[in-house]
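Undergrad: Handing you this structure, nothing more for now.
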Amino acid sequence: MCLVIYVFSAKGYLQVSDTFFSLQTAEAIVERGQLDIPYAAGGTLTWRDGRSYSKYGIGLPMYYVPIVAIGKPLARVAGLPAEELTGFLISFANIPFAMLTLIVFAKLLRLFGIAEIYVGVLLVGLGLGSLTWPYAVSDCSEAMQMGLLTLAVYGAIRQSNRALVAGGMAFAGLVLVKVIYVVFFPIFAVYLFTRPVELRQRLKILASFSFPFLVACCFLAWLNVVRFGSALESGYGGESGQFFPLQMWRTVPKLLVSLDKGLLVFCPILILGVLGWKDFFKRHRAEAALCLALIVANLIWSASWWSWYGGWSWGPRLLVPTIPLWLLPGAFLLQRVQSRRRLGIFALVTLIAIILQIPGVLIKDQEIHQIKETLLTPGEQTAAPSDYVAAYLLLEHKLISHNELYDISELGIPGNRELSLTRYRTFRGLNLWTELTARQLNKPAIRLFPILGLLIVIYLAVQIRKAAKADLMRDRLQT
C-alpha cells in the first residue's frame, strides 16, 4: 500500500539544488570517467589543480550512475529531453530505500516479539504518518540514509552472520552517502563488543560488522587524496568545522517542537514512541540504549551544525534518518497492554498523522520559502505563518483558486497585496508527477492517474482490515 502511494505521489523532477551536484558527478563518471564538475559556490570545492569537485558524499553519485547511463539512450528512444527524463527517474530513486526501511523495520519489530497486528499499525504509521512519506518522494537523500541506518541497526541487533555483514555494508553505504555518520561507529562498536558471549565471539561479531565500514573509510581516504591531496578533506573545506554546541539550547527545542522545524509537530505519531521508552528499556535494555544513543548523537550534531534547519526543506530534514528509531518504542507501549481499545486509539492517532502529512506531500516546500524569504517585506515576514501552517493555506488556495496568485491576507498577513508565483513552472498546481507531466505533454487525462492509485489503495486497505480482524480473532482464541 505504501509503495503504491509513494509511486503516485513522486514529483517527476529534481526539487533540491544539492541533488544537481551529485547528478553532475554521476554524469562526469559516465561520460568522462572523471569526478570533477563545473565550479559552483557553496556546492563544490576547488583544489590547487583548478578542478572542482562536489562536496557531497560519493555514495549518491554512485547510485545515480546506472540511472544516468540508461537515461540518455532511453530519452533518444522516447524522443524526450535527456536531462528531464533523467530527473524524472531520479525523483523515484528514494522509494526503494523507503521500502527497505519499512521491510527492515517490520523485521526488527518481529525480532522483538511484537504481535503482528501491531506491526501492521506501526508500519502504516511509519510509512505514511511520518516524514518518511514526504522524503520517500523527494530527491533529498534522507530516505536513503534512513533505509541504510535501519538496516545497520537491524544487522547489529540480529547478529547472525548474514545480518551482521548486511548491517555492516549498510553502515558503510551510509558513510559513503554522508561522512558525518562515522560518529555512529563507536556507538555500534560498544554495543557489539559488550554482547553477553565469550570474547572470541564478540571480536568476531565486531569484525563482521566493522570490515565493510573500514573498507569504505579507506576508499574515502584514497578518494580525498586524489581529489584534494588530503585524506581528511572531504570537500566541505572550512565549512566542516562549523559546529557550534553552544547554540543547542536554542536549536534543540526548535528541532523538536517548533512549527517550522519541530519533529514532534511534523510527526505527532512519534509522541507515542516517546511514551514507550520505559517499556523498551525494561524489556531490551542494551538495544534501547543503542537506539537512544543513535538518536541523541543525531540530534546533537544536527543541532550543533550551522545549518541546523537543513536549508529549504520540509521539517527537520537532518533528523529524518532516525525517525524509525523514534517510533520503535511505541511498539512496547502497545504490547504492554494488548486491548482493542488501545489498538483503536493508536489507529486513530495514525490516521490523524497520515492526514497531517498530506500538505507536505502535495505542496512544494520551496514555494513556502520563496514566499516567506524573498517575496515578503521584512515587516510582513514577522507576521508570516509557520511552514507547517503555510502548507495548509497554500493547499487550500490551490484546490479552490487553481492559480499561483496569492493575496497576503490569505496567509494571515495584514494588507492587501498580491504575490505572483506564476513564473515558477514547478509551483503550479499540486506537486505530483502526474500534474507536471499532464502540463508538459498537454495531456490533461494524466491528472486522473492518481485515481487508479486510490482504488488500489482502497482495495489493499480492505484486505489489511480483513487480515487485522483475523489476527485479533486468533489472538483471542489463543488467550
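Condition check ((1) aromatic (F, W, Y); (2) outside any loop (DSSP other than H, G, I, E, B)) across all residues:
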{"residue": "W222", "(1), (2)": "yes, yes"}
{"residue": "V225", "(1), (2)": "no, yes"}
{"residue": "S230", "(1), (2)": "no, no"}
{"residue": "S234", "(1), (2)": "no, no"}
{"residue": "E239", "(1), (2)": "no, yes"}
{"residue": "Q247", "(1), (2)": "no, yes"}
{"residue": "T251", "(1), (2)": "no, yes"}
{"residue": "K254", "(1), (2)": "no, yes"}
{"residue": "D260", "(1), (2)": "no, no"}
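To keep it simple, each residue is scored yes or no on (1) among the polar types (S, T, N, Q); (2) more than 25 Å from the chain's Cα centre (by Cα).
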site: V226; (1), (2): no, yes
site: P245; (1), (2): no, no
site: L290; (1), (2): no, no
site: S302; (1), (2): yes, no
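Undergrad: Within segment 156-177, which residues are under 17 Å from R195 (Cα atoms) and surrounded by 23 or more Cβ atoms within 10 Å (Cβ to Cβ)?
TA: Scanning segment 156-177 gives A156, L164, G167, G168.
Undergrad: Give me a count of the residues in segment 10-45 that are surrounded by 16 or more Cβ atoms within 10 Å (Cβ to Cβ) and part of a helix (DSSP H, G or I).
TA: Residues of segment 10-45 that are surrounded by 16 or more Cβ atoms within 10 Å (Cβ to Cβ), as a first pass: 10-16, 18-30, 35-37, 43-45.
From the residues that got through so far, the ones that are part of a helix (DSSP H, G or I) too are 18-30.
Result for segment 10-45: 13.
Undergrad: Let me ask another. What about T434, is it over 30 Å from G344 (Cα atoms) and surrounded by 13 or more Cβ atoms within 10 Å (Cβ to Cβ)?
TA: Considered against the rule, which asks whether it is over 30 Å from G344 (Cα atoms) and surrounded by 13 or more Cβ atoms within 10 Å (Cβ to Cβ), T434 comes out as yes.
Undergrad: Scan (1) assigned by TED's automatic domain parsing to the domain that holds L174; (2) under 24 Å from P212 (Cα atoms); (3) not basic (K, R) for the single condition L35 breaks and write down its number.
TA: Of the numbered conditions (1) assigned by TED's automatic domain parsing to the domain that holds L174; (2) under 24 Å from P212 (Cα atoms); (3) not basic (K, R), the odd one out for L35 is (1).
Undergrad: Follow-up question, since we're still on this one. Answer yes or no as to whether A461 is free of Cβ contacts under 8 Å to residues at least 12 places away in the same chain and either within 25 Å of the chain's Cα centre (by Cα) or buried (at least 17 other Cβ atoms within 10 Å of the Cβ) (or both).
TA: no
Undergrad: Just the residues that are closer than 16 Å to L319 by Cβ and surrounded by 19 or more Cβ atoms within 10 Å (Cβ to Cβ), please, taken from segment 280-306.
TA: Residues satisfying the conditions are C291, L294, N298, L299, S302, A303.
Undergrad: List every residue pair whose Cβ atoms lie under 6 Å apart, where the two residues are 6 or more positions apart in sequence or sit on different chains, the first residue falls within segment 2-19 and is over 19 Å from V124 (Cβ atoms), and the second residue, located anywhere, is of a type in the set (G, A, S) and not in a loop (DSSP other than H, G, I, E, B).
TA: From segment 2-19, the pairs are Y13/G87; L14/G87.
Undergrad: Any residue at all in segment 147-157 that's out of contact with any helix residue (DSSP H, G or I) (no Cβ under 6 Å at 6 or more places or on another chain) and assigned by TED's automatic domain parsing to the domain that holds L223? Please lay out each step first, then the result.
TA: Filtering segment 147-157 for residues out of contact with any helix residue (DSSP H, G or I) (no Cβ under 6 Å at 6 or more places or on another chain) gives 153.
From what is left, the residues that are assigned by TED's automatic domain parsing to the domain that holds L223 are 153.
Yes; the residues of segment 147-157 include at least one that is out of contact with any helix residue (DSSP H, G or I) (no Cβ under 6 Å at 6 or more places or on another chain) and assigned by TED's automatic domain parsing to the domain that holds L223.
Undergrad: Which number in (1) within 15 Å of S9 (Cα to Cα); (2) in contact with an Asp or Glu (Cβ under 7 Å, 6 or more places away or on another chain) marks the one condition that L430 misses?
TA: Only one criterion is unmet by L430, namely (2).
The values are calculated or read from the model by the stated rules, or taken from the named source; none is laboratory data. Being a predicted model, the structure only gives us computed values, none of them experimental. Backbone-built Cβ (ideal geometry, glycine too); neighbour counts: all protein chains shown.
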